[in-house]
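*Asks:* The structure's right below; bear with me while I get my questions together.
Values in this text are rule-based calculations from the coordinates and carry no lab data. Keep in mind the model is a prediction, meaning the values are calculated, not measured. Positions of Cβ are generated from backbone atoms using ideal geometry, with glycine treated the same way; all protein chains shown enter the neighbour counts.
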Amino acid sequence: MESLISRMQAVQSPIIPVVGELIKSCPGTISLGQGVVSYSPPPEAIEHLPKFLAEPKNHLYKAVEGIPLLQTALATKLQAFNGIEINEDNCIVVTAGSNMAFMNAVLAITSVGDEVILNTPYYFNHEMAITMAGCRPILVKCDENYQLRPEAIASAITPKTRAVVTISPNNPTGAVYSEQALRFVNQICRDRGIYHISDEAYEYFTYNGVKHISPAAFAGSHKYTISLYSLSKAYGFASWRIGYMVIPKHLLVPVKKVQDTILICPPVISQYAALGALQAKEDYLKNHIGAIAQVRQVVLDSLNSLQNLCTIAPADGAFYFFLKVHTQLDSFELVKRLIREYQVAVIPGTTFGMDDGCYLRVAYGALQKETAKEGIERLVRGLQKICKVH
């Protein structure tokens, strides 16, 4: 069996567990690595669980695309927050997280050998899913502020292209794309007869008055736009595994084939918790995202002392900064040294497809203000010392 070769050899290994092992070997390390929030789901989510338990039939399989009650609640949210109307041309599929929604989409719209365009830096699980499906990720560089370059995207489209992927607010850069740029990409997809996959997992995390834009709200875009959402971030739902997708109605059968094979149906107890979460008081999101905005400012103030050593692009969304470090050091070597010598962890840029320099993703969503301050000060100190030597 040692000679077994499978498609998985072409797929990169997830970096988070690798960095996690390094952190374990250096007790006291502050992690600016994983993209999660520090807070728990709203009380309404937990209060909804007895409703699940009160119905014995809830222990059986339920609809592949999600329970009707949650479907209705999500349709209301999409209309109110995203400006997306659910009608006879589109539909919602509830998934076990938005990574699953992305895999559903790729398997539903591609054949082996097809191409999917990713903007770099990309989200590593997207690149992994495309490779797993036997397709080719085609990489298009963003500009120096990590904004889309629509003309470059248009130039990268070939007869094998099946979709263009955008992530806004962005992981790993924190960039938020303008309505104009998203309209341009969406129009390119319409004109070329391909799909626009819009990952909006960080839709609520925007700062400085910047507004989130959903391409599926553009007039006439519902026939070729696939939108991905998650409760993991905004509702502190990471382990509950609930996401959802809005897809053109003609993709429902292929998407259900994928989901029924891999999952059958999203965990029904988690769907009940999601139903409760969507009924949370307005203050829940406002207060938690307000607290993250304060942590963001602390992080930014400290990072600004690195202006001569790093390029820090504007980041008005999500909870990341993506640094370009002016050093010849390999980014993973730098990550290992920061953990060993300064007890602070970040994620190397190579994971996100950036191998033309030394890049680091700094995540601040999981930390309270004081811990974030200490962590970012360790990072600043470490970069100043390590990179001065080189």
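*Asks:* Can you work out ³J(HN,Hα) from phi for every residue in segment 101-110, in order, using Karplus 6.51 cos²θ - 1.76 cosθ + 1.60 and θ = phi - 60°, giving whole Hz and x for Gly and Pro?
*Replies:* 4, 5, 4, 3, 5, 4, 5, 6, 10, 10
*Asks:* Further question: In Å and on Cα atoms, what radius of gyration and Dmax does segment 3-49 show?
*Replies:* Here Rg and the maximum Cα pair distance are 17.7, 52 Å.
*Asks:* Sticking with this one: What is the Cα radius of gyration of the chain over 2.2 N^0.38 Å, N being its residue count?
*Replies:* The chain yields a ratio of 0.98.
*Asks:* Give the angle, between 0 and 90 degrees and rounded to the nearest 10, that separates the Cα long axis of helix 15-24 from the longest principal axis of the Cα atoms of the chain.
*Replies:* That helix lies at roughly 50 degrees to the long axis.
*Asks:* Now for a separate question. Give me the number: length gained by fully extending residue 79 to residue 333, i.e. 0.36 nm times residue separation minus the C-alpha to C-alpha distance, one decimal in nm.
*Replies:* The residue 79-residue 333 span can extend by a further 86.8 nm.
*Asks:* Using r as the Cβ-Cβ distance of residue 294 and residue 263, and R0 as 25 Å, what FRET efficiency do you calculate, to the nearest 0.05?
*Replies:* Between residue 294 and residue 263 the formula returns 0.10.
*Asks:* Once Lys and Arg get +1 and Asp and Glu get -1 on their Cβ, which of 294, 134, 284 lies farthest toward the positive end of the dipole of the chain?
*Replies:* 134
*Asks:* Under the Karplus relation 6.51 cos²θ - 1.76 cosθ + 1.60, θ = phi - 60°, what is the ordered set of whole-Hz ³J(HN,Hα) values for segment 139-148, x standing for Gly and Pro?
*Replies:* 9, 10, 6, 6, 6, 5, 9, 6, 9, 4
*Asks:* So what's the angle, to the nearest 10 degrees on a 0 to 90 scale, between helix 252-262 and the longest Cα principal axis of the chain?
*Replies:* The two axes meet at around 60 degrees.
*Asks:* From zero up to wherever the largest Cα-Cα distance of segment 118-204 sits, split into 10 Å bins and tell me the percent of pairs in each.
*Replies:* For segment 118-204, the pair-distance distribution reads 17, 56, 27, 1.
*Asks:* Full-extension gain between residue 326 and residue 304, please, as 0.36 nm times their residue separation minus the C-alpha to C-alpha distance.
*Replies:* Going from the current span to full extension adds 6.5 nm.
*Asks:* For segment 246-367, evaluate the Debye formula with one uniform point scatterer on each Cα (no solvent term) and list log10 I(q)/I(0) at q = 0.09, 0.15, 0.20, 0.22 Å⁻¹, rounded to two decimals.
*Replies:* With one equal scatterer per Cα and no solvent, log10 I(q)/I(0) is -0.46, -0.89, -1.05, -1.18.
*Asks:* Rounded to the nearest angstrom and ordered from largest down, what semi-axes does the equivalent ellipsoid of segment 224-273 get from its C-alpha gyration tensor (root of 5λ)?
*Replies:* Semi-axes, largest first: 21, 15, 7 Å.
*Asks:* Calculate one ³J(HN,Hα) per residue across segment 227-242 by plugging θ = phi - 60° into the Karplus curve 6.51 cos²θ - 1.76 cosθ + 1.60, and present them in order as whole Hz with x for glycine and proline.
*Replies:* 10, 10, 9, 9, 9, 4, 7, 4, 9, x, 9, 3, 7, 6, 6, 10
*Asks:* Provide the three semi-axes, in whole Å and in decreasing order, of the ellipsoid equivalent to segment 38-130 as defined by the square roots of 5 times the Cα gyration tensor eigenvalues.
*Replies:* 30, 17, 17
*Asks:* With +1 on each Lys and Arg Cβ and -1 on each Asp and Glu Cβ, and nothing else charged, work out how big the dipole of segment 277-333 is about its Cα centre, in Debye to the nearest 20.
*Replies:* Computed about the Cα centre, the dipole is about 140 debye.
*Asks:* Residue separation times 0.36 nm, minus the C-alpha to C-alpha distance between residue 72 and residue 59: what's the value?
*Replies:* Going from the current span to full extension adds 2.6 nm.
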